[in-house]
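Take a look at the structure below.
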Amino acid sequence: MDVQVKLYGLFKKYAPEERQEFQLKLPPDSNVKKLLKILNIPFEQERTLLVNGQLAGLERRLESEDIIVIFSPMSGG
Amino acid sequence: MKGWVGKILRVDLTTKKIKEEILDPKVAKDYIGGRGLGIYYLNKEIDPGTDPFSPQNIIIMATGPLTGTGAPTGARYMVMTKSPLTGAITCSNAGGRFPTEMKRSGYDAIVLSGRAAEPLYLYIDQGTAQLRSAVHLWGQDTHATTDTLLQETDPKARVACIGPAGEKLVLFAAIMNDRDRAAGRSGVGAVMGSKNLKAIVVKGKGSVQLADPDGFKAFNKDILNKYKEAVAKTPLGLTVNGTAGVVVATQNFGVLPTKNWQLGTFEGWQEIQGESLSKKFLVKNKACYACPIACGRVTRVTEPGFEGEGEGPEYETVYAMGSNCMIDNLAAITKANYICNELGLDTITMGATVACAMELVDRGYLSEDDIGRPLKWGDGEALVALTRMTGNREGFGDLLAEGSYRLAERYGHPELAIVSKKQEFPGYEPRGAQAMGLAYATSPIGGSHMRGDPAYFELFGVPEFMDRLQWKGKGIVTKAFQDISAIIDAAGLCIFFSIRNLASKDLGVAPVGILKYLNMATGVNYTLEELQKAGERIITAERLFLNKAGFDRKDDSLPTRLTEKPMPEGPSKGMVCHIDEMLDEYYQARGWTPNGIPTPELLEKLGLHQ
């Protein structure tokens, strides 16, 4: 299945060819953990990870056409 | 006293009389300082019905017991008065170097009253205060004023002043210190202008006395080491890209206010986010006194038509002048920010008022002939031109100078002003961050994130994430965040460091680290309960002022666009903000009646019964 991945800030370095936004083919029944493994993103790396605009944890199952966004935790105003 | 200087300076501008007063130790303990001292004096000394521009209004500029102590981010002061924009109180807060210098000049707070017959400035040189003529400075911008005053007094002094916007009573004029730091919101600069006070110059000596200097030093080292370890592992976004880095989060959560709050995502967001600012215009980071974060941005723009140098923009400016106006030209946004700094304007209300005017034109309620120029969504040149006209009250700028509510009302559509208590919102959309809606509605200054910022829970996951779309349970956590904000504001600290590093790691955000700093600085030995009670006392004392000025539940409101119209697109699609449900829970958590009035039992508990 195909999902769309968007990596920002410090996470850009994990993108193939350092492209911020790209399509990725995942095996069926993949979850967030599987996606991080494929992209070589360490689990312990502090992050904000969204699936379709909502926060998601490692076990969240992914579906075709999901949009996954990962960026560094931030704060401010 | 330790931590506090123990002295207040009173300046009557009508009679030009200046006198010193002792800070009552009980008042200091009960109200801490900063915001707490501000509301203590406002309640004691002015009628909440007072006309904000009358000589009867007073301005309190107050540092906190941790200002200037070397505690991380202990750099801040609070400016409190009755606001001409909202009719409620102001709580305009700034860092930089001025607040520390003001405290070292000999005073915890300055209370300004009356109205001078001609323009004056106040010079405090190591405990000696005098009023001097400012006739030659009237009409000058904040940078020129600062430069002249440093020449006239002492190059090592620090200056807080108003620009032409404050002199001309623009309802959202700021007081600028250290050139580009702003006590920005609610028109504090206009109140200063109404008093014919152009500037305050301070020169200090020595350092703040601490009750337990050795303990303070050891604890400070420990806190800073922990901070350094954490940021070595994951660099802090605030340091890397400034507050404008937050655009990445708000865009992707669908809470980046766009097109005067009609949308929650902005197509041009990549152009205006912090990373673009760093790449295009950043000269260097700038830190306030004793701040390890350095979120300030010194920037330079060379693009034709927008050339300039200064500080900014912050996230709030980027939202208000950028996505909210559909402007993706970061050079134009930055230039408009510079003009705000120089003329002395609040960038949030300025940007939001232009966005409101753009929608009035778009819907055919306001003609471009009235404005005297085209005003379409996305027009960066118009933003720059109108900002300058507003600061000088020229042409149509004279109407923009009244803020978005009065503008939209004048053209028959007050519902298009996105305000609470007539003050424009910061850049977090309540339909996709429910508690932020409650924070805007219940803030004592009207739309604001800094008197309670539950976006930390909903969008940043600090100290932990809370479902941003859920409204149940938000009354309780919003109260907790507001209470610690009152303590941070009173102590003289900055929220950016304090929430991550000086609060308990749960949604109760108890001020555990602030407690230690305060006790070692002052020797007062607060218990955690006493300190938390002081936070509640400050907020309830503010509420008493608001109640007497006529505010109650009806004013703790949000525009119908956010409560009745579901978000049309993006990750917050379909949501409205459930303000009524949250208000019930919030009032109950506070011990206020369902109409938003503190109960006699609560007043008794907090020692506020009259």
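Say a site is exposed when it is one of the trypsin sites (Lys or Arg not before Pro), sits in a DSSP loop, and has at most 14 other Cβ atoms within 10 Å; what is then the longest site-free stretch of chain B?
My reading of the result: B:206-362 is the longest stretch.
For the stretch B:283-340, the convex hull drawn through the C-alpha positions has a volume of 82 cubic angstrom per residue. Taking a ≥ b ≥ c as the square roots of the eigenvalues of the Cα gyration tensor of the stretch B:430-606, is the shape rounded (a/c under 1.5), prolate (a/b larger than b/c) or oblate? Judged from the Cα gyration tensor, the stretch B:430-606 comes out oblate (a/c at least 1.5, b/c at or above a/b).
Taking every residue in B:568-575 and counting other chain Cβ atoms within 10 Å of its Cβ, the average works out to 1. Counting Lys and Arg as +1 and Asp and Glu as -1 over every other residue whose Cβ lies under 12 Å from the Cβ of residue B:593, the net charge comes to 0.
With the convex hull drawn around the C-alpha atoms of the stretch B:18-141, the volume per residue stands at 128 Å³. In the protein assembly as shown, taking the dipole from charged Cβ atoms about the Cα centre, the farthest positive-side position among B:77, B:49, B:387 is held by B:77. Largest first, the extents of the alpha carbon coordinates of the stretch B:238-423 on the three principal axes equal 48, 35, 31 Å. Helices meeting the span-like rule in chain B (full DSSP H runs, Cα extent of at least 18 Å along the helix axis, mean Kyte-Doolittle score of 0.0 or higher): B:330-343, B:347-362, B:474-491.
Around residue B:229, under 15 Å between beta carbons, what's the net of Lys plus Arg minus Asp minus Glu among the other residues? That sum, taken over residues with Cβ under 15 Å, equals +2.
With the largest listed first and rounded to whole Å, the semi-axes of the equivalent ellipsoid of the protein assembly as shown from the Cα gyration tensor are 37, 29, 25. Remark: the protein assembly as shown carries a charge dipole of roughly 1700 debye about the Cα centre, counting +1 on each Lys and Arg Cβ and -1 on each Asp and Glu Cβ.
Shape of the stretch A:2-71 from its Cα gyration tensor (a ≥ b ≥ c, root eigenvalues): rounded if a/c is under 1.5, otherwise prolate when a/b > b/c, or oblate?
Working: a/c = 1.39, a/b = 1.19, b/c = 1.17.
Verdict is rounded for the stretch A:2-71.
Averaging the Cα positions of each part gives two centres, and for the stretch A:23-70 and the stretch B:370-429 these lie 42 Å apart. The residue among B:136, B:150, B:107 whose Cα reaches farthest toward the positive pole of the charge dipole of the stretch B:99-194, with charges on the beta-carbon of Lys, Arg, Asp and Glu, is B:107.
Roughly how many debye, to the nearest 20, is the charge dipole of the stretch B:299-356 about its Cα centre, given +1 on each Lys and Arg Cβ, -1 on each Asp and Glu Cβ, and no other charges? Before the final figure, lay out the partial values.
Working: 2 positive and 9 negative charges, 25 e Å.
In debye, rounded to 20, the stretch B:299-356 gives about 120.
For residue A:11, the shell of other residues with beta-carbons less than 13 Å away shows a net charge of +1, using +1 for Lys and Arg and -1 for Asp and Glu. Taking GluC sites (Glu not before Pro) in DSSP loop conformation with at most 15 other Cβ atoms inside 10 Å as exposed sites, chain A has its longest uninterrupted site-free stretch at A:1-43. Given R0 = 35 Å, the distance between the Cβ atoms of residue B:218 and residue B:154 translates into a calculated FRET efficiency of 0.50. Which of B:86, B:576, B:176 sits farthest toward the positive end of the charge dipole of chain B, with +1 on the Cβ of Lys and Arg and -1 on the Cβ of Asp and Glu? Value: B:176.
Each principal axis of the stretch B:172-236 carries a Cα extent, and these read 47, 33, 18 Å when sorted largest first.
Under Stokes-Einstein, with the Kirkwood radius over Cα pairs as Rh, the value for the stretch B:114-175 at 25 °C and 0.890 mPa s is 198 µm²/s.
Please state the charge dipole magnitude for the stretch B:238-423, taken about the Cα centre, from unit charges on C-beta atoms (+1 on K and R, -1 on D and E), reported in debye and rounded to the nearest 20.
Working: 17 positive and 24 negative charges, 94 e Å.
In total the dipole reaches around 460 debye.
In nm, to one decimal, how far is the residue B:136 label point from the residue B:564 one, both placed 7 Å along Cα→Cβ? Here the modelled spin labels are 5.8 nm apart.
Rg then Dmax, both in Å and based on the Cα atoms of the stretch B:3-63: 12.3, 35.
For a distance above 47 Å, tell me the whole-number percent of Cα pairs in chain B that qualify. Can you show the working numbers first?
Details: 10655 of 185745 pairs.
For chain B, the share of Cα pairs beyond 47 Å comes to 6 percent.
On a C-alpha basis, how far is the centre of the stretch B:240-296 from the centre of the stretch B:476-544 in Å? Whole number, if you could? Rounded to whole Å, the Cα centres lie 27 Å apart. Ordered by the count of other Cβ atoms within 10 Å of each Cβ, fewest first, B:413, B:609, B:578 give B:609, B:413, B:578.
Based on DSSP H runs of at least 4 residues, each adding -39500 (n - 2.57), what is the mean residue ellipticity at 222 nm of the protein assembly as shown after dividing by all its residues, to the nearest 500 deg cm²/dmol?
Values: 26 runs with 246 residues, N = 687.
Mean residue ellipticity, 222 nm, calculated: -10500 deg cm²/dmol.
Throughout, read-outs are computed from the coordinates displayed, never taken from laboratory work. Only a predicted model underlies this, so the values are computations on that prediction, with no experimental measurement involved. Virtual Cβ from ideal backbone geometry, glycine too; neighbours counted across all protein chains shown.
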